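Step one of this worksheet: look at the structure below.
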Amino acid sequence: MEQKIYDTYTDILHRELIVAMGCTEPIAIAYAGALARKLLCCLPERVELGCSGNIIKNVKGVTVPNSGGMRGIEIAALLGMTGGDAGRCLAVLERVNDAQRAQAKALLEQGVCHTSLLEGEENLDIVLHAFAKDDEVVVEIKGTHTNVVRLEKNGVNELKEMPQQTAQQAQPNKSLLNVKDILCYGETVDLEQIRSVLERQMECNDAIAKAGLSHEYGACVGSTLHEMYGSEMPEMRAAAAAAAGSDARMNGCPMPVVINSGSGNQGLTITLPVLIYASHLKAGREKTLRALAIANLMSVHQKRYIGSLSAYCGATSAACASAVAICWMMGGTYEQICGVITNTLATIGGMLCDGAKSSCASKIATAVYAALLSVRLSLEGRCFEPGEGLVASNVETTIRDIGYVAREGMRKADVEILKLMLENH
């Protein structure tokens with residue numbers, strides 16, 4: 001493959017597979033809070049926080065890690081201010097202690113922080129104003145969870161004074177992603193160039209899945225599946241493991257997750273089925289790493305059409321990506337792998353996202369099982385045909401069209417979901 005494509009894919013993996021603790025939307029708010037406190041040099045007397053609809057949607061129902069079981073936008077921001085470490089980015093709340101938790105709770109009870117809805121085209125936008133005495137600090141994060149586009153103190157741009165927090169560098173050209181080249185990359189990449197990020201993903205995501213299976217988090221979707229079906233069926237073990245990681249993550253488990261496309265749930269959905277099947281197939285370490293590279297890039301490929309946040313549940317694209325890697329490990333051809341993608345997207349494309357919460361685990365389990373059914377169908381020569389719904393004549397067009405529906409077609413649905421969620425608060 002062309003060196004430019006090879007280098008771009010390697011860059012994408014290093015940028016996408018980063019560590020986060022907790023759901024990435026409240027963590028992004030906490031990150032903004034930590035940056036504001038660092039610049040303000042003291043705790044705020046007042047905080048005005050504006051968030052886009054999808055941020056509000058994804059913060060409303062999840063427990064903020066290291067918060068003592070609390071939920072909500074305000075506590076995420078205040079905990080970032082009292083105990084967050086801005087230098088740790090999406091692991092910003094990893095070292096919060098009891099005194100800092102109590103401090104954040106006291107500020108919350110005093111009504112220091114107020115939230116409003118930001119209306120506009122950007123689905124991921126956080127604008128935090130913090131005030132103390134005569135000082136005002138503004139932090140804005142937009143587009144991705146760590147992309148700081150504004151950092152001001154009393155109207156003066158401070159981004160240049162904090163180089164480690166500056167807006168992200170130009171992103172790799174994701175338009176170079178395509179199924180054929182992703183498979184070629186996975187088969188030929190020098191693993192030493194990506195081993196560290198993939199092994200970290202394996203270690204972190206497997207650990208939180210095991211925690212979810214062994215402890216009671218949320219609705220215990222993963223452990224319930226495990227009890228229902230046991231350990232005989234790899235399909236159910238894969239669904240249970242991915243769901244268990246989400247059980248833990250959505251309900252305050254402070255263990256880190258390696259994310260994909262800005263989402264920990266998507267990182268889990270990509271990783272755990274691949275690991276379960278790699279063990280089942282006795283694939284070995286090298287083949288497992290190559291399969292993970294394929295799965296991660298396939299998820300990014302789909303998400304580039306969808307966007308970071310939308311009304312489209314990201315478990316769909318992530319489960320599809322893991323199924324592609326599993327089919328590849330099973331010796332599937334390019335045509336059979338394209339069939340996996342077509343079958344999966346034709347089956348569960350369009351599952352709604354109504355915010356991050358406990359039921360994400362159940363959606364993940366559903367998506368994983370549907371994707372694994374798609375593998376079986378495709379390996380047996382059964383694939384949905386062009387013209388059936390959104391199935392197009394080639395897989396790249398199908399991916400693009402599903403992404404368009406997710407990004408544009410479901411935009412109105414996203415607004416209506418948010419309205420209902422806010423009305424039912």
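The values are calculated or read from the model by the stated rules, or taken from the named source; none is laboratory data. Model, not experiment: these values are computed from the prediction. Glycine also receives a Cβ, built like all others from the backbone with ideal geometry; neighbour counts cover every protein chain displayed. Ligands, DNA and RNA are excluded from the accessible area calculation, which covers all protein heavy atoms including side chains. Shrake-Rupley method; radii C 1.70, N 1.55, O 1.52, S 1.80 Å.
Can you name the residue in the stretch 65-82 that is open to solvent by 10 Å² or more (accessible area, probe 1.4 Å) and not polar (S, T, N, Q) and is also farthest from Gly355 (Cα to Cα) among such residues? So, considering only residues that are open to solvent by 10 Å² or more (accessible area, probe 1.4 Å) and not polar (S, T, N, Q), the one farthest from Gly355 (Cα to Cα) is Gly68. Please verify whether Val257 is assigned to a strand (DSSP E or B) and of a type outside the set (Gly, Ala, Ser), treating the condition exactly as stated. Yes; evaluated as a whole, the condition is true for this residue.
Here is a check on your reading of the model: is Thr146 out of contact with any helix residue (DSSP H, G or I) (no Cβ under 6 Å at 6 or more places or on another chain) and either farther than 30 Å from Met81 by Cα or in contact (Cβ under 8 Å) with a residue 60 or more places away in the chain (or both)? In short, no. Selection of the stretch 260-270 for residues being assigned to a strand (DSSP E or B) and either under 16 Å from Gly355 (Cβ atoms) or acidic (Asp, Glu) (or both) yields only Ser263.
Which residue, of Gly33, Gly61, is within 21 Å of the chain's Cα centre (by Cα) and in a helix (DSSP H, G or I)?
On the way: Gly61 fails: in a helix (DSSP H, G or I).
None of the other options fit; the residue is Gly33.
Conditions tested, residue by residue: (1) touching a Ser or Thr at 6+ places or on another chain (Cβ under 9 Å); (2) buried (at least 22 other Cβ atoms within 10 Å of the Cβ).
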{"residue": "Thr316", "(1), (2)": "yes, yes"}
{"residue": "Ile326", "(1), (2)": "no, yes"}
{"residue": "Ala346", "(1), (2)": "yes, no"}
{"residue": "Lys363", "(1), (2)": "yes, yes"}
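Filtered by the rule that a residue be over 15 Å from Leu272 (Cβ atoms) and touching a Gly at 6+ places or on another chain (Cβ under 7 Å), the stretch 354-371 gives Gly355, Ala356, Lys357, Ser358. So how many residues does the stretch 102-112 have that are open to solvent by less than 50 Å² (accessible area, probe 1.4 Å) and touching a residue at least 24 places away in the same chain (Cβ under 8 Å)? So the count comes out to 3.
Which one of Thr144, Thr115 is under 30 Å from Arg400 (Cα atoms), polar (S, T, N, Q) and surrounded by 15 or more Cβ atoms within 10 Å (Cβ to Cβ)? Thr144 is the lone residue from the list that is under 30 Å from Arg400 (Cα atoms), polar (S, T, N, Q) and surrounded by 15 or more Cβ atoms within 10 Å (Cβ to Cβ). Within the stretch 401-414, one or more residues are open to solvent by 20 Å² or more (accessible area, probe 1.4 Å), among the small types (Gly, Ala, Ser) and in contact with a Leu (Cβ under 8 Å, 6 or more places away or on another chain).
A Cβ distance below 6 Å, combined with a sequence gap of six or more or placement on separate chains, defines the contacts here; from the stretch 347-373, residues that are on the phi < 0 side of the Ramachandran plot reach residues that are aliphatic (A, V, I, L, M) and surrounded by fewer than 20 Cβ atoms within 10 Å (Cβ to Cβ) in the pairs Asp354/Ile417; Ser358/Ala219. When both residues are 6+ apart or on different chains and their Cβ atoms are under 8 Å apart, which pairs have a first residue that lies in the stretch 38-63 and is within 16 Å of Leu128 (Cβ to Cβ), and a second that is open to solvent by less than 50 Å² (accessible area, probe 1.4 Å) and of a type in the set (Lys, Arg)? That search, which allows pairs on different chains as well, returns Leu39/Lys153; Leu40/Lys153. When restricted to residues that are modelled with pLDDT under 95, open to solvent by 30 Å² or more (accessible area, probe 1.4 Å) and either touching a Leu at 6+ places or on another chain (Cβ under 6 Å) or basic (Lys, Arg) (or both), the stretch 263-308 contains 2.
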